[in-house]
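Student: So that we are looking at the same thing, I have put the structure below in C-alpha cells.
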Amino acid sequence: MITKLNLSTKPFRNRTTPYLLSLLLLAVAVSGAILCFSQLNENNKLNEIAAGQVDQMEEEVKRLKGEGEKVQQQLSPEQRQLLVASHKLVANKSFGWSRLFADLESVLPGSVSASRIAVENVYKDGDRVKAELEFGVLSRDYTAVMSMIGNMNNSGLFQADLRGQDLQKNERMTYSEYTLHLIYTPAYGNSVAPASDVAQTGQGGAQ
C-alpha cells in the first residue's frame, strides 16, 4: 500500500536554523559591544594621560616663570636695562621694515606725502611684533589728511592719532606738516626685513 504525503497539510519545518541565526546575531552584537567598551576604555586612558601631561607642562611653565621673576629681581638696574635693550634688538630683527613702507604707501593719498619717520619703540605684544612711530606728512589738503587717518585706522594695520599741525610757507606754496603717532601691527606672514631696511628707519625723508 502506497501512502502519499500531503505537504500542504504538513509543511516542512526547520526548527534549528532560526536558533542558529539568533545565536550568530547575538554573538556579533556581544563582540561589537566588547570592542566598543574596549575602545572607550582606551580613549579614557589616553585622555587621562594627555590631561596629566598638560598639568605637568602648566606646572613647569609656572616654575620657570617664578624662576624668571626671581632672576629679574636679582638684576641690577643696569642689567635690567641691558635685558630690555636685548629684547628690543630681537624685536627689531624680526620686524619687516620693507613691509611697513609698502603699507604706508598703500594708505597715502596722492595729495599727501611723507616727510619723516621716527621709530620710538619696537616691542612684542604676545606673538605679534609692533612698532610705535612718529610719522610726519606734508599736504595742503586738510581733508585728505583726515581721510588718510581714517583709512589707517580702518586698515587693521595702523592706529593713528594726529598730534600736531605746523604751517609751512615757501616762495611757491603754503602747506602744513602734520605729525601723527602710529602704532603699526604687521599682518601675519610678513617676511623679516634685511639689515639695509632697518638702517633706513631713522629720521629720514620720503616724498
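The values are calculated or read from the model by the stated rules, or taken from the named source; none is laboratory data. The shown structure was predicted, so the numbers you read here are calculated from the model rather than taken from an experiment. All Cβ positions, even for glycine, are placed from backbone atoms using ideal geometry, and neighbour counts span all protein chains on display.
Student: Would you mind stating whether GLU120 is farther than 20 Å from GLY156 by Cβ, among the acidic types (Asp, Glu) and either at pLDDT 70 or above or not assigned by TED's automatic domain parsing to the domain that holds THR179 (or both)?
Tutor: Judged against the criteria, GLU120 is a match.
Student: Taking VAL129 as meeting all but one of (1) surrounded by fewer than 17 Cβ atoms within 10 Å (Cβ to Cβ); (2) modelled with pLDDT under 90, write down the number of the exception.
Tutor: Answer for VAL129: the failing condition is (1).
Student: Restricting to the stretch 132-164, give me the number of residues that are surrounded by fewer than 17 Cβ atoms within 10 Å (Cβ to Cβ), out of contact with any Pro (no Cβ under 9 Å at 6 or more places or on another chain) and under 19 Å from LEU104 (Cβ atoms). Steps first, please.
Tutor: In the first step, residues of the stretch 132-164 are kept if they are surrounded by fewer than 17 Cβ atoms within 10 Å (Cβ to Cβ); the result is 132, 134, 140-144, 146-147, 150-151, 153-156, 159, 161-164.
Imposing the further condition that a residue be out of contact with any Pro (no Cβ under 9 Å at 6 or more places or on another chain) reduces the set to 132, 134, 140, 142-143, 146, 150, 153-156, 159, 161-164.
If we keep only those that are under 19 Å from LEU104 (Cβ atoms) as well, we get 132, 134, 146, 150, 153-156, 159, 161-164.
The number of residues fulfilling the criteria is 13.
Student: Same structure, new question: Please specify each residue of the stretch 139-174 satisfying the condition of being of a type in the set (Ser, Thr, Tyr), assigned to a strand (DSSP E or B) and either under 21 Å from ALA118 (Cα atoms) or modelled with pLDDT of 90 or more (or both).
Tutor: Step one: filter the stretch 139-174 for residues of a type in the set (Ser, Thr, Tyr), giving 139, 142-143, 147, 155, 174.
If we keep only those that are assigned to a strand (DSSP E or B) as well, we get 139, 174.
Scanning the stretch 139-174 gives a single hit, SER139.
Student: For ALA51, work out the one condition from (1) within 30 Å of TYR184 (Cβ to Cβ); (2) among the aliphatic types (A, V, I, L, M); (3) at pLDDT 80 or above it doesn't fulfil.
Tutor: All conditions are met except number (1).
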